[in-house]
Amino acid sequence: MIFTEDTQPDASALESALKNDPAISHVAVVHCETTTGIINPIEVYGKIVKKYKRTYIVDAMSSFGAYPVDLKACGIDYLISSSNKCIEGVPGFSFVLARRESLMVTRGFARTLSLDLLAQWEGLEGDGQFRFTPPTHAILAFRQALLELEQEGGVSARGARYYENYQITLSAMQTMGFKPYLNESLRGYIITSFYYPDHPNFHFKEFYERLSEKGHVIYPGKLTHADCFRIGHIGRLAASDVASLMAAVAETLNEMNISMPEKVEE
Ligand SMILES: *Cc1c(COP(=O)(O)O)cnc(C)c1O
């Protein structure tokens, strides 16, 4: 089954697939699909996965730390994330939150030596050691990042800051005439995709480089069928940083002689 990039995978299709095909043993979903910025309803899928007693894997790379996740209510067996997104650590390692019973039955499953999650867990439980050289500096930075997350007020406060970054971005971008790619109900507050403006002077590379010269780095789009770029809302960014990015976008449009209709209605 294929679902287009601007839609959430259909829960009833998941249910009939699990009902009709006992060979499906695992279901994996991306919580915030960073290509578009879509947020997928992991609890809705999780209830179905558990109803049919399959294993549920959630890629929460770009959501964990900024979206609340109820592991139990979602029925998650494995949640995967990393040090360098919403936790705001430095890049260096990923981590898995696993339901212990699910992990214990995987003995012998690993097809590589180094990516043997159970062996790594047992190593840490046994003598507290990593099996290979640990990224010590990234782990210390992660500890500090967790303290700062706590100081900020935890996941809800961090999510609220990102949500504000998203709101400021969206409203300023729409005022300048940009149109978001996703319908409002599907959009998260991690990253937002915007269509290229329909203007002969718009060339993404030039737009990107002019913003970069002003100290602002945005993301190219990666969509299959739509020309888009992306603006991220996560990281050590405050409302003032976002306002300064929006001013730089306006200045860049000016420099490139791009004028758009005042406001595009959704
Ligand atoms: C960023 C991201 C990844 C890759 O994470 P790295 O830290 O770059 O290795 C994978 N999945 C999603 C959904 C992401 O946002």
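The values are calculated or read from the model by the stated rules, or taken from the named source; none is laboratory data. This is a predicted model, so every value here is computed, not measured. Methodologically, a virtual Cβ is constructed for each residue, glycine included, from the backbone with ideal geometry; neighbour enumeration extends over all protein chains shown.
Is it the case that SER12 is of a type in the set (S, T, N, Q) and either crowded, with 22+ Cβ neighbours inside 10 Å or within 16 Å of the chain's Cα centre (by Cα) (or both)?
So SER12 fails the test.
Filter the stretch 118-170 down to the residues that are under 21 Å from the mean Cα position of the chain (by Cα) and of a type in the set (Ser, Thr, Tyr), then identify the one that is farthest from ILE191 (Cα to Cα).
Among residues in the stretch 118-170 that are under 21 Å from the mean Cα position of the chain (by Cα) and of a type in the set (Ser, Thr, Tyr), the one farthest from ILE191 (Cα to Cα) is SER156.
Would you point out the residue of the stretch 79-97, among those that are assigned to a strand (DSSP E or B) and surrounded by fewer than 21 Cβ atoms within 10 Å (Cβ to Cβ), that is farthest from the ligand (Cβ to nearest atom)?
LEU97
Of the residues in the stretch 173-192, how many are crowded, with 17+ Cβ neighbours inside 10 Å and hydroxyl-bearing (Ser, Thr, Tyr)?
Qualifying residue count, the stretch 173-192: 3.
How many residues does the stretch 41-61 hold that are of a type in the set (Ser, Thr, Tyr) and either in a helix (DSSP H, G or I) or crowded, with 20+ Cβ neighbours inside 10 Å (or both)?
Matching residues across the stretch 41-61 total 2.
Within the bounds of the stretch 98-108, is there any residue that is over 17 Å from the mean Cα position of the chain (by Cα) and within 16 Å of the ligand (Cβ to nearest atom)?
Taking every residue of the stretch 98-108 in turn, none turns out to be over 17 Å from the mean Cα position of the chain (by Cα) and within 16 Å of the ligand (Cβ to nearest atom).
Cβ-Cβ distance below 8 Å, separation of 6 or more or different chains: which pairs start in the stretch 176-201 with a residue that is closer than 12 Å to ARG230 by Cα and end on one that is assigned to a strand (DSSP E or B) and of a type in the set (Gly, Ala, Ser)?
PRO180/SER193; TYR181/SER193; LEU182/SER193; ILE190/GLY232; ILE191/GLY232
Please enumerate the residues belonging to the stretch 4-44 that are out of contact with any strand residue (DSSP E or B) (no Cβ under 8 Å at 6 or more places or on another chain), β-branched (Val, Ile, Thr) and more than 26 Å from ALA226 (Cα to Cα).
ILE24, VAL44, listed by residue number.
Can you tell me how many residues within the stretch 228-254 are surrounded by fewer than 14 Cβ atoms within 10 Å (Cβ to Cβ), assigned to a loop (DSSP other than H, G, I, E, B) and at negative phi?
Matching residues across the stretch 228-254 total 2.
Can you find a residue in the stretch 156-164 that is aliphatic (A, V, I, L, M), touching a Lys or Arg at 6+ places or on another chain (Cβ under 9 Å) and at pLDDT 95 or above?
no
Okay, residues lined up against (1) free of Cβ contacts under 8 Å to residues at least 24 places away in the same chain; (2) away from the ligand (no atom under 11 Å from the Cβ); (3) touching a Phe, Trp or Tyr at 6+ places or on another chain (Cβ under 8 Å); (4) not assigned by TED's automatic domain parsing to the domain that holds ARG236:
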{"site": "HIS31", "(1), (2), (3), (4)": "no, no, yes, yes"}
{"site": "ILE42", "(1), (2), (3), (4)": "no, yes, no, yes"}
{"site": "TYR56", "(1), (2), (3), (4)": "no, yes, yes, yes"}
{"site": "SER62", "(1), (2), (3), (4)": "no, no, no, yes"}
{"site": "GLY75", "(1), (2), (3), (4)": "no, yes, yes, yes"}
